[in-house]
1. Choose one of Phe43, Gly60, Ile22: the residue whose Cα lies farthest towards the positive end of the charge dipole of the stretch 19-81 (beta-carbon charges +1 Lys, Arg; -1 Asp, Glu; about the Cα centre).
2. Assigning unit charges at the beta carbon (Lys, Arg +1; Asp, Glu -1) and nothing else, what dipole magnitude in debye, to the nearest 20, does the chain show about its Cα centre?
3. On average, how much area does the Cα convex hull of the chain cover when viewed from any direction, in nm²?
4. In percent, how large is the relative contact order of the chain, given Cα pairs closer than 8 Å and 6 or more residues apart?
5. Extending each Cα 7 Å along its Cβ direction at Val35 and Thr54, get the distance between those two points in nm, one decimal.
6. Put a dot 7 Å past each Cα toward the Cβ at Val19 and Lys3; how far apart are the dots in nm?
7. Can you compute 3J(HN,Hα) from phi for each residue in the stretch 63-71, using the Karplus curve 6.51 cos²θ - 1.76 cosθ + 1.60 with θ = phi - 60°, rounded to whole Hz and x for Gly and Pro?
Amino acid sequence: MGKWTPRHEAPEPLEGNVVGTITGGTVLWFVLFLVQLPFYAWFEHHGHLWWLWTCLAGGGLGLLGIWYVRRRDAALRRTADAAAGKQGEPE
């Protein structure tokens with residue numbers, strides 16, 4: 001087990017525009033749902049109706065994801081602001 005021990009510290013995680021990424025993915029899922037909607041009968045006839053509902057579920061879960069990452073982003077900002085406020089105060 002010793003040979004699997006990391007020899008250096010892990011790098012910090014990359015922070016990007018998480019809200020924009022999740023929003024873009026959610027929009028994409030809803031667009032895919034709307035594009036497939038006119039072909040409902042074809043999907044049903046060929047047994048591929050789950051494709052349509054997968055896109056709708058992806059869009060719905062994306063809405064939950066947007067809510068989550070916006071709250072996370074706000075909490076990270078509050079924590080950073082509080083830490084910056086404490087550093088500026090004399091002890």
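Every read-out reported here was derived from the displayed coordinates using simple, explicitly stated rules and does not represent laboratory data. Quick caveat: nothing in here was measured; it's all calculated off a predicted structure. Counting neighbours? That spans all protein chains shown, and the Cβs are built from the backbone with ideal geometry, glycine included.
1. The residue sitting most towards the positive pole is Ile22.
2. The dipole magnitude comes to about 140 debye.
3. Over all viewing directions, the chain projects a mean Cα-hull area of 11.6 nm².
4. 33 percent
5. 1.4 nm
6. For Lys3 paired with Val19, the spin-label model returns 4.8 nm.
7. 4, 4, x, 4, 4, 5, 6, 5, 5
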